[in-house]
Amino acid sequence: MTPILYLVIPCYNEEEVLPETTRRLKEKFSALTSAGRISELSRILLVDDGSKDHTWPMISALAKEDCRFGGVKLSRNRGHQNALLAGLMTAKGQCDCCISMDADLQDDIGAIDQMLDAFSEGYEVVYGVRSSRESDTFFKRSTAQGFYKFMKLMGVDIVYNHADYRLLSGRALEGLGQFREINLFLRGIVPLIGYKSTTVTYVRSERFAGESKYPLKKMLAFAFDGITSFSVKPIRWVTGLGFLLFIASIIAVLYSLVVKLLGQTVAGWTATMISIWMIGGIQLLSLGVIGEYIGKIYTEVKDRPRFIIEAVELDPGKTE
Ligand code: UDP
Ligand code: MG
């Protein structure tokens, strides 16, 4: 069976790269279809994330002249992750597998073959992993690597050096559709879907035209979202710190009393010392406890699926 593949590509002010990108993708698609690797029903789905330039007119013209292209237009700029999700949810139910990638083709489209190989071997999630970051600027490279390390430290399970270049099977897409959270961090959610997964490596190249749509501000917001959406560790740290301070305050209280009994204090010192330490410790500990409950509320309201069933083997044994 030749699978129906959907390529999902978010585009934000990408008029400079679209002509070249679509030309390369058309070539790739023709090659894949004539090699019998993907079905004729495969599509390239371009999602316009509320661009202010000619991105949408270009996409819609393309969709009219070539049925292999499709377009989705968001009503306004909602950011990379949301645009990607919009595309993936449009693809859901239409395809056997989908691959998400960036409009600038920094991710080598040659890896599509390896991803399809893995898919035909039964893998349902295939992560594209960058083998090197030489083409990135020193700044981008070090901030990105720092980011992955920090996420690990925070206990968030993400694939190292993997961005949003990945293949998802139709079933994995259905699974993704069950996550209802608003603060989207797809790199963190995809591992939670489960199913058999693997990685393929590729060399990341430079943007061939236009400039990065991820300025530092968006990058920081993205990283912050990643941590706060997946980890309650910062709250745990407050609780831990509160506990330590509370122990320290007991020691400080004992110390102040001893010094007072030895008669080496001025009037009022002991009371001031005790209240500062005690109140500080109790406050931080209480904040941590409140934080724990807020953390619980947070995970509850995210309403994540509690399980996704991969297979059931059950013979109810009833005969009509
Ligand atoms: N993008 C988007 N909405 C945004 C910002 C970016 O859809 O608000 C898209 C953009 O068009 C591109 C992808 O996200 O397809 C990645 O952006 P970019 O290549 O600028 O990021 P970088 O490679 O510099 O991290
Ligand atoms: Mg890029």
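Would you pick out the residues in region 141-150 that are within 12 Å of ligand 1 (Cβ to nearest atom) and either open to solvent by 60 Å² or more (accessible area, probe 1.4 Å) or in contact with a Phe, Trp or Tyr (Cβ under 6 Å, 6 or more places away or on another chain) (or both)? The answer is 141, and nothing else. Return the only residue of 73, 52, 26 being more than 16 Å from ligand 2 (Cβ to nearest atom), more than 27 Å from residue 219 (Cβ to Cβ) and open to solvent by 50 Å² or more (accessible area, probe 1.4 Å). Sole residue among the options that is more than 16 Å from ligand 2 (Cβ to nearest atom), more than 27 Å from residue 219 (Cβ to Cβ) and open to solvent by 50 Å² or more (accessible area, probe 1.4 Å): 26. Selection of region 76-86 for residues being assigned to a helix (DSSP H, G or I) and within 16 Å of ligand 2 (Cβ to nearest atom) yields 80, 81, 83, 84. Condition check: within 21 Å of residue 165 (Cα to Cα), within 14 Å of ligand 1 (Cβ to nearest atom) and either surrounded by fewer than 21 Cβ atoms within 10 Å (Cβ to Cβ) or modelled with pLDDT under 95 (or both). Does residue 18 satisfy that? The answer is yes for residue 18. Is there a residue in region 273-282 that is under 30 Å from residue 188 (Cβ atoms), among the hydroxyl-bearing types (Ser, Thr, Tyr), out of contact with any Phe, Trp or Tyr (no Cβ under 6 Å at 6 or more places or on another chain) and assigned to a helix (DSSP H, G or I)? For region 273-282, residues under 30 Å from residue 188 (Cβ atoms), among the hydroxyl-bearing types (Ser, Thr, Tyr), out of contact with any Phe, Trp or Tyr (no Cβ under 6 Å at 6 or more places or on another chain) and assigned to a helix (DSSP H, G or I): absent. Restricting attention to region 44-64, the residues being among the hydrophobic types (A, V, I, L, M, F, W, C) and in a helix (DSSP H, G or I) number 6. For region 17-74, filtered to residues that are of a type in the set (Ser, Thr, Tyr) and free of Cβ contacts under 8 Å to residues at least 24 places away in the same chain, the residue that is farthest from residue 206 (Cα to Cα) is 34.
I want to confirm something. Restricting to region 29-43 and keeping residues that are part of a helix (DSSP H, G or I) and not small (Gly, Ala, Ser), which single residue is surrounded by the most Cβ atoms within 10 Å (Cβ to Cβ)? Spell out how you get there, then give the answer.
Start the filter on region 29-43 by keeping residues that are part of a helix (DSSP H, G or I), which leaves 29-34.
From what's left, not small (Gly, Ala, Ser): 29, 32-33.
Values: 29: 21, 32: 18, 33: 17.
Ranking the candidates gives 29 first.
Within region 101-126, residues that are farther than 11 Å from residue 202 by Cα have Cβ atoms under 6 Å from residues that are assigned to a loop (DSSP other than H, G, I, E, B) and away from ligand 1 (no atom under 16 Å from the Cβ) in these pairs: 116/37; 123/196; 124/195; 124/196; 125/195, counting only partners at least 6 apart in sequence or on another chain.
If you filter region 93-116 down to residues that are open to solvent by 10 Å² or more (accessible area, probe 1.4 Å) and touching a strand residue (DSSP E or B) at 6+ places or on another chain (Cβ under 8 Å), you find that the one that is farthest from ligand 1 (Cβ to nearest atom) is 96. Of the residues making up region 163-222, those that are open to solvent by less than 40 Å² (accessible area, probe 1.4 Å), within 15 Å of ligand 2 (Cβ to nearest atom) and in a loop (DSSP other than H, G, I, E, B) are 204, 209, 210.
Taking into account only those residues within region 120-134 that are closer than 21 Å to residue 39 by Cα, surrounded by fewer than 22 Cβ atoms within 10 Å (Cβ to Cβ) and not charged (D, E, K, R), which is nearest to the chain's Cα centre (by Cα)? Show your work before the answer.
Initially, region 120-134 is screened for residues closer than 21 Å to residue 39 by Cα, giving 120-126.
So of that shortlist, the ones also surrounded by fewer than 22 Cβ atoms within 10 Å (Cβ to Cβ) come out as 120-123.
Now restrict to residues that are not charged (D, E, K, R): 120, 122-123.
On the way: 120: 25, 122: 23, 123: 20 Å.
My answer is 123.
Of the numbered criteria (1) away from ligand 1 (no atom under 16 Å from the Cβ); (2) in contact with a Gly (Cβ under 9 Å, 6 or more places away or on another chain); (3) over 21 Å from residue 178 (Cβ atoms), the one residue 73 fails is (1).
The values are calculated or read from the model by the stated rules, or taken from the named source; none is laboratory data. Note that the structure is predicted; figures quoted are calculated from it, not measured. Cβ atoms come from the backbone with ideal geometry, glycine included; neighbour counts cover every protein chain shown. Note: accessible area is taken over every heavy atom of the protein model, side chains too, but ligands, DNA and RNA are not part of it. Shrake-Rupley method; radii C 1.70, N 1.55, O 1.52, S 1.80 Å.
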